[in-house]
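Colleague: Once you've had a glance at the structure underneath, I'll fire off some questions.
The values are calculated or read from the model by the stated rules, or taken from the named source; none is laboratory data. The shown structure was predicted, so the numbers you read here are calculated from the model rather than taken from an experiment. Reconstructed Cβ throughout: ideal geometry from the backbone, glycine too, with neighbour counts over all protein chains shown.
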Amino acid sequence: MVLTAYIKPLLVCSKGRYQAFLENNVPILREKYWPTVWCFESRVQTILASVLRSSILADINYRREILKLQDGGEVALDWLEDVHNEASNEKRPVIIILPGLTGASQAEYVKGLVLAACHQGIRCVVFNNRGLGGVPLKTPRTYCACNYEDLAEVVDHVKKLNPDVPIGATGISMGGLILGNYLAAEEKSGASKKLDAAMGISVPWNVFKGSDSIEKPLLNLMLNRHLVGNLCKTIERGGKHLEVGPWDLDKVFKSQTIREFDSHFTAKQFGFRSVEEYYEAATLHNKLHHIKVPMLCLSAADDPFQPFEAIPVAEASDLENVALVITARGGHIGFMEGLRLFPLHHQYMCRLFSQYFKAMLVHGGASEISKSVADEST
């Protein structure tokens with residue numbers, strides 16, 4: 001299968017109630033995606049989208065909540081809601097946002113999504129992973145792509161605070177892996193009883209192939225090393241909590257690629273025998289059929305972090321609850337479109353995000369789909 005620019009993105013899922021709902025209620029899916037002409041190449045999309053959003057989107061004044069986890073760790077939950085009308089907040093849907101590998105609530109792509117949701121009357125809460133968002137580590141533990149224990153506590157907490165409103169979740173890049181693994185662990189997590197809809201953006205579905213792709217010279221490898229530098233800074237901020245463990249900090253800080261960092265630190269911290277075992281646990285291809293919560297996932301065929309052949313097209317074509325939207329261009333968390341770049345939170349990624357959750361959470365699509373499933377099973 002070959003995708004070319006300037007065509008309508010692929011919508012991949014099995015024919016049925018979910019596909020019909022998306023086609024009828026998310027109008028952007030009927031449009032062609034027109035990548036910005038001077039932002040056409042995938043790495044340019046990835047880098048320039050980040051630079052433009054960072055330069056233009058001001059920091060958001062969130063309401064911060066510190067959530068203490070069961071093992072004594074702490075994470076920051078940053079809420080954007082109507083500060084002038086608390087009664088209105090109690091009735092408005094909520095979206096939990098999981099940033100990427102080293103991202104937090106002020107990451108440019110997160111701000112774009114949050115602002116897009118706000119325009120639809122939806123509240124957002126950004127879940128900053130341990131050690132990120134300005135919150136110091138309180139335990140000798142960070143985070144990884146396949147461990148969803150912290151997310152499960154966050155979802156339970158948000159559900160407890162908002163028992164009577166629809167709740168969605170969005171994972172960007174590695175955040176999409178964490179969310180996908182949480183949703184797939186249905187029996188253990190009870191996700192379908194707590195979340196009404198989900199979305200993944202630029203998910204590195206196959207971690208092995210994604211790692212191979214981001215290690216290719218020259219620009220891909222430069223992006224790789226930039227992320228490794230950010231990961232090492234997170235370890236440095238961990239201070240005394242990460243000084244002792246089954247890892248060698250000298251080797252960790254000398255890591256040149258994400259794979260090396262994961263081999264020297266992440267895999268060891270979470271008890272994996274090797275980085276290969278960790279990547280196998282994080283990869284989602286063989287877990288998608290376990291997901292019961294309706295999930296829409298946006299990927300670009302030219303994503304430098306995940307080549308097109310690694311996107312689970314064959315798997316998703318038989319799934320009722322997971323749908324893929326695949327654009328020919330867009331890079332990694334890029335999706336700049338057209339010649340008019342402003343406002344940035346109205347670009348393709350943000351428009352798809354806001355239209356989808358408006359249909360699912362505000363207009364009752366999630367309840368409609370759940371009811372049709374219940375009717376079919378009786």
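Colleague: Can you name the residue in the range 21-51 that is farther than 19 Å from residue 298 by Cβ and of a type in the set (A, V, I, L, M) and is also surrounded by the most Cβ atoms within 10 Å (Cβ to Cβ) among such residues?
Modeller: Out of the qualifying residues, it is 51.
Colleague: How many residues are touching a helix residue (DSSP H, G or I) at 6+ places or on another chain (Cβ under 6 Å) and over 19 Å from residue 138 (Cβ atoms) if we restrict to the range 259-273?
Modeller: Qualifying residue count, the range 259-273: 7.
Colleague: Something else about it: Assess whether residue 235 counts as being of a type in the set (Val, Ile, Thr), in a helix (DSSP H, G or I), modelled with pLDDT of 95 or more and closer than 28 Å to residue 327 by Cα.
Modeller: When the stated conditions are applied, residue 235 does not pass them.
Colleague: Could you pull out the residue among 8, 15 that is in contact with a helix residue (DSSP H, G or I) (Cβ under 8 Å, 6 or more places away or on another chain) and either surrounded by fewer than 17 Cβ atoms within 10 Å (Cβ to Cβ) or part of a loop (DSSP other than H, G, I, E, B) (or both)?
Modeller: Criteria check complete, one pass: 8.
Colleague: Return the pair list, or none, for Cβ contacts closer than 7 Å from residues in the range 60-85 that are closer than 13 Å to residue 135 by Cα to residues that are of a type in the set (Phe, Trp, Tyr) and modelled with pLDDT under 95, at least 6 apart or on different chains.
Modeller: Listed pairs, sorted by first residue: none to list.
Colleague: Which residue out of 77, 67, 101, 115 is of a type in the set (A, V, I, L, M), part of a loop (DSSP other than H, G, I, E, B) and surrounded by 14 or more Cβ atoms within 10 Å (Cβ to Cβ)?
Modeller: 101
Colleague: Next question. Just need a number here: residues in the range 274-286 that are hydrophobic (A, V, I, L, M, F, W, C) and out of contact with any helix residue (DSSP H, G or I) (no Cβ under 7 Å at 6 or more places or on another chain).
Modeller: So the count comes out to 1.
Colleague: Could you please let me know if residue 244 is in a loop (DSSP other than H, G, I, E, B) and within 30 Å of residue 17 (Cβ to Cβ)?
Modeller: So residue 244 does not fit the description; no.
Colleague: I'm trying to understand the selection: among the residues of the range 234-253, which are free of Cβ contacts under 8 Å to residues at least 60 places away in the same chain and of a type in the set (D, E, K, R)?
Modeller: Listed by number, the residues that qualify are 236, 240, 243, 248, 250, 251.
Colleague: So is residue 334 at negative phi, assigned to a loop (DSSP other than H, G, I, E, B) and among the small types (Gly, Ala, Ser) or not?
Modeller: yes
Colleague: Can you tell me which residues in the range 242-258 are of a type outside the set (A, V, I, L, M, F, W, C) and under 12 Å from residue 140 (Cβ atoms)?
Modeller: Within the range 242-258, 243, 245, 246 qualify.
Colleague: Kindly provide the set of residues from the range 118-129 that are in contact with a Gly (Cβ under 9 Å, 6 or more places away or on another chain) and either without any contact (Cβ under 8 Å) to a residue 60 or more places away in the chain or part of a helix (DSSP H, G or I) (or both), ordered by number.
Modeller: 127, 128, 129
Colleague: Given the options 250, 262, name the one that is at pLDDT 95 or above and loosely packed, with under 13 Cβ neighbours inside 10 Å.
Modeller: 250
Colleague: Would you mind stating whether residue 262 is in a helix (DSSP H, G or I), over 22 Å from residue 51 (Cβ atoms) and either within 22 Å of the chain's Cα centre (by Cα) or in contact (Cβ under 8 Å) with a residue 60 or more places away in the chain (or both)?
Modeller: So residue 262 fits the description; yes.
Colleague: For the range 150-205, enumerate the residues that are at pLDDT below 95 and either basic (Lys, Arg) or under 15 Å from the mean Cα position of the chain (by Cα) (or both).
Modeller: 188, 193
Colleague: Same structure again: Restricting to the range 287-315, what's the tally of residues that are touching a helix residue (DSSP H, G or I) at 6+ places or on another chain (Cβ under 8 Å), surrounded by fewer than 24 Cβ atoms within 10 Å (Cβ to Cβ), not basic (Lys, Arg) and not in a loop (DSSP other than H, G, I, E, B)?
Modeller: Qualifying residue count for the region: 6.
A quick yes/no check of all residues on (1) out of contact with any strand residue (DSSP E or B) (no Cβ under 6 Å at 6 or more places or on another chain); (2) of a type in the set (Phe, Trp, Tyr); (3) not in a helix (DSSP H, G or I):
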| residue | (1), (2), (3) |
| --- | --- |
| 171 | no, no, yes |
| 175 | no, no, no |
| 188 | yes, no, no |
| 192 | yes, no, no |
| 198 | no, no, yes |
| 205 | yes, yes, yes |
| 209 | yes, no, no |
| 212 | yes, no, no |
